[in-house]
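These notes are about the structure you will find just below.
Coordinate-derived values only; no laboratory data. Predicted, not measured: the structure shown is a model, and the values here were computed from it. For neighbour counting, all protein chains shown are included, and Cβ atoms are generated from backbone atoms with ideal geometry for every residue, glycine included.
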Amino acid sequence: MTENEPETTIRAELPADESAVRALNEAAFESAAEAQLVDILRTAIVQPEVQVAQVALRAGVVVGHALWTPVRVGDGGDELFMALGPMAVLPGHQRSGVGAALIAAGVEGCRELGARALFVLGHSDYYPRFGFEPAAPHGCYFQSERFAAHFFVRLLAPDGLSASSEVHYHPAFDGV
C-alpha cells in the first residue's frame, strides 16, 4: 500500500454485498462467467458455513472478493480441503495489496474451519508468494497433467494430504 491508497479492510461477505461482488467480478474478468459462478456457488454449497467468502473494502467500497469452497481429494472422506476461486480485484486496485490481504484472511478463515490443505488453480508467479507450492509433487492434480504448472497446494496441517489423487471442485466450476 502506498501513501495515496486508502487502508484495506477485509470482512465476511454480506448479502448486501452481492451486487457489488457481481459487478467487480464482471469488471475484473473478460466475461461474466466468474460472476455467474460466484452466484451459483453461494446457493449450491450444501453447507454454506463451510465456505469462506470475503470482501476487501477501501473507503467503504468493495474493491475485492475471494471465495473459498470445499473440494474433494480422491474418493473423499471426512477431511476438509478448500480451494480458492474465484478471486477478483477491481482493475484500478490490482497490484496494491488487496489480493494479498484477501488471501491471508482466507487462509486464516479456512484454518479456523479445520481445513487440512488449500488448493488454487492460477498464476504460477503469484500464488507461491503466499505459501502455495506445486500440487503435483504431492500427488494431486486438477483434471489432467495439462494444469500441473498452474495447480497449487498449501498444507495447513503437517499431514494435510493423506491421499493423493484428483482434486474435484464443485460441478459448477465445469462451466467456467
Q. Once the other residues with Cβ under 11 Å from the Cβ of Val21 are scored (Lys, Arg +1; Asp, Glu -1), what is the net sum?
A. -4
Q: Quick one: work out the % antiparallel among DSSP beta bridges in the chain, nearest 5.
A: 85 percent
Q. For the stretch 86-176, what's the relative contact order in percent, using C-alpha pairs closer than 8 Å and at least 6 residues apart?
A. 27 percent
Q. When the chain is fully extended, how far beyond the present Cα-Cα distance does Ala23 get from Val50, taking 0.36 nm per residue of separation?
A. 7.3 nm
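In debye, nearest 20: dipole of the chain around its Cα centre with unit charges on the Cβ of K, R (+) and D, E (-)?
Details: 11 positive and 22 negative charges, 34 e Å.
Approximately 160 debye in magnitude.
Per residue, how big is the convex hull of the stretch 8-169 when only Cα atoms are used? Give it in Å³. Intermediate results must be reported in sequence, preceding the final value.
Numbers: hull volume 18.3 nm³, N = 162.
Per residue, the Cα convex hull of the stretch 8-169 comes to 113 Å³.
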